[in-house]
Structures are given as structure tokens and as C-alpha cells.
Amino acid sequence: MKKQVLTIAGAIVFGMFTVQAQQPAIPNGNLESWTALGSAEEPTGGFLKSLNQITNFPGNPPITCFKEGNAHGGQFCAKIVSANFASLGIFIPGALGTITPIANPVSAQLAEPFTAKPEKIRAWIKYTPVTGDSAEIFGYLFKTTSGVRETLATASMVYTQAISNWTEVEIPFVYSNATATPDSASLLFVSSAGYNFDNLFLCQGSANSTMFIDDVEFIYPAGISENLGNNDLLNVFPNPAENMVTITYATEVQNGSVSVLDMSGREVLQTNVKGNSFQIDVASLRSGNYTLLLKENASILARKNFLKK
């Protein structure tokens, strides 16, 4: 099992700093929405993030993720590039996924809240290795009970050869426990597979190994797909909510539905919707955290977490 903590360097090297934690969400797969992050840019709208989050740290860390044109779908894709961190003499693999650096100790969380059971990861990639380097895509589904985290399912694929043109890849999840419902997930694309996410000083690979990524999806039974880049188009308010929740979506749905799931993944409310603004009554729900899914036909358009008071 891959390591779940990324140690970048000691606090003495980087000094004291703070990273603003992002709100958990489902991965951004279309990669159409980006925001400035110092001298770099960062994907928004989901939980695909990059190690560009360390570029404002002392020591002039390299930019390893770039917004690129010539996408497979839409206007933009992501390019991750492995690089040397010259001032520390360490190697940083290009990474995109559920990765959020934190401080004291300097590390990164690789898992985000998630309660679904996908069958596989689907994405479009290109890959240019350098001097025999390799790339990897991996996913994990977890369940924590009484402080003990169990790995329910894994998905992994290593790429050793160049992939010159946009190529669709499908990586199945292999479930060791198919009855339990996940409470968190990890998903990561890495342009150099010789990584150690406990300690970057132990990473191995070649600078400039490059992977392009676009149109990341989770695929569920019955062919239901979740094109994971639309979460920034969905708004849910008020949040926290007490009685009525208003949902707005940036485009109109013609034959849609809204499902509300509790933290065990059980559907507790469902209603059909049409248009781009609708309300649901959540007064009957118990206080707690819930996930709202907006669906149309065989696609999950977007999801958001909300709190019921």
C-alpha cells in the first residue's frame, strides 16, 4: 500500500508557514477551472490538487503542475512535471490528486472524505518518461473504525513506456472488503513512480518526466459515470441548512435528479429536478453531514457536502 503522508522537509529548513486547508470535495476531472497560486496556478472545483501548493514556501520550490491547452476535452488539461528542488538537493515527482501539504510537521494529507464505491478510474493521459523513468496512477478507498483505518479497495497502474497521443486508461478497483462503505479516498497521478510520500529525500526519478491528464472519471455499476470537473458549477445554500436547501447549477438539466446521502452512503432523500435552480426540504433529516448528488441520465454531474443543523 502506498504511503499516505508526504514529508517535504524539516521545519527548520522551511521555517514556519501556514497552508490554508481546502474544503473536501470530489475530484476535479475536467481541469477547466484554475486559480492563481503565487507564480503558479492550481486546479479548482474538486479535490485534484498539486504540489504547486508548496511554491510559496521558503527555498524556491519548483512548479510541477501546469495548466495546458491542447486538451483531450474542453479547453485545458493538467501537465505534471518531475523536477529537482535545487536548494535542498532533493527530487520532487510531479503529482496531481488528493494531496494537500500541511505544516508542523511538514507533511501532506492524501485522503479526502468520500462515501461511494466506484468500479474503476477512467482518464485520458499522455506520458513522456526520461531515462527509463515510470509513472503511476493509483486510488484507495478507506474506512476508519475506532481509530483503525482499513483499506477497502485499491486501484493502481504503472506506465513505463511513452504515450505520445491522448490515450484512454481504465484502472479497476480491487475490493478486499466489498460490504463496508468508504469514508475517504485517495486518488493520485504521479509522473515518476519512484516516490516515497513519507520522505521526499528518498524519492527517485528523472527531472522533466511529464504526464498530461484530462477527463478524470469514476465509473460505477450500470455504466454510471462521474465526470469529476463540475463541482465548482454547483452551489448549495444555506450551508449549514435547517429546513430548505437551494441548489443552483451553472447549466440547465433537462431530466435530472437530486439525491442526498448520509455519511454511510445511504440515500435518505431523492427528488426529480429540471432547470438550473431548485429547492429540497431537508427538515426531516437528522443533524449531521450529508452529500448532495446532482444526476442526469447515467451521469453524476456534481456533488457537494452540506451540514444539516
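Coordinate-derived values only; no laboratory data. Please read all numbers here as calculations on a predicted model, not as lab measurements. All Cβ positions, even for glycine, are placed from backbone atoms using ideal geometry, and neighbour counts span all protein chains on display.
In summary, the lysines within cross-link reach of residue 309, defined as a Cα separation below 28 angstrom excluding same-chain residues under 8 places away, comprise 117, 143, 274, 295.
Among 212, 114, sorting on how many other beta-carbon atoms sit within 10 Å of each Cβ, with the fewest leading, yields 212, 114. For the chain, the relative contact order works out to 19 percent when only alpha carbon pairs closer than 8 Å and six or more residues apart are counted. Taking the Cα atoms of region 124-168, the ratio Rg/Rh between the radius of gyration and the Kirkwood radius comes to 1.21. Counting 0.36 nm for each residue step from residue 157 to residue 60 and taking away their Cα separation leaves a gain of 31.7 nm.
Taking every alpha-carbon pair under 8 Å whose residues sit at least 6 apart, region 230-308 reaches a relative contact order of 36 percent.
Each peptide in 115-122, 234-241, 287-294 receives the mean, over its residues, of other Cβ atoms within 10 Å, and ordering these scores from highest gives 115-122, 287-294, 234-241.
Across the chain, counting alpha-carbon atoms alone, Rg and Dmax equal 19.5, 60 Å. Judged by the ratio a/c of the largest to the smallest principal axis of the C-alpha gyration tensor, region 137-204 counts as oblate, that ratio being 1.5 or greater while a/b is no larger than b/c.
Here region 154-178 and region 179-245 have alpha carbon centers that stand 14 Å from each other.
For residue 114, the shell of other residues with beta-carbons less than 12 Å away shows a net charge of 0, using +1 for Lys and Arg and -1 for Asp and Glu. Computed from point charges on the beta carbon alone (+1 for Lys and Arg, -1 for Asp and Glu), the dipole magnitude for region 230-308 about its Cα centre is near 140 Debye. Comparing 257, 271, 293 along the charge dipole axis of region 243-307, the residue lying farthest to the positive side is 293, per the Cβ-charge model. Full extension of the chain between residue 175 and residue 276 yields a length gain of 32.7 nm, computed as 0.36 nm times the residue separation minus the alpha carbon distance.
Charge dipole (Cα centre; +1 on Lys/Arg Cβ, -1 on Asp/Glu Cβ; no other charges) of the chain amounts to roughly 500 debye. Summed over qualifying helices (DSSP H, 4 residues or more, each -39500 (n - 2.57)) and divided by its residue number, the chain shows a 222 nm mean residue ellipticity of 0 deg cm²/dmol.
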